[in-house]
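The values are calculated or read from the model by the stated rules, or taken from the named source; none is laboratory data. Here the structure is a predicted model, which is why all the values come from computation and not from measurement. Cβ atoms come from the backbone with ideal geometry, glycine included; neighbour counts cover every protein chain shown.
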């Protein structure tokens, strides 16, 4: 028997009702987008965004912007799926 903690929940993500899955996914995507925008705002306000170098052949700024686009695309696909 489990007391308090994450291991007390014996269910998988697939066992959660589809509506609950949608709410969880929407919240996760919103959270990711908010955090990523805060990161870009911080980097921009401190001048670090302009000083980013290339990482493994890809400009770091480009990687950050592509990450934002990926999150927005995932949110859009999720919204289309729920319609």
Mind listing whichever residues of segment 20-71 are closer than 23 Å to residue 83 by Cβ and at pLDDT below 80?
20, 21, 22, 23
Only listed residue being in a helix (DSSP H, G or I), modelled with pLDDT under 80 and exposed (fewer than 11 other Cβ atoms within 10 Å of the Cβ), chosen from 14, 80:
14
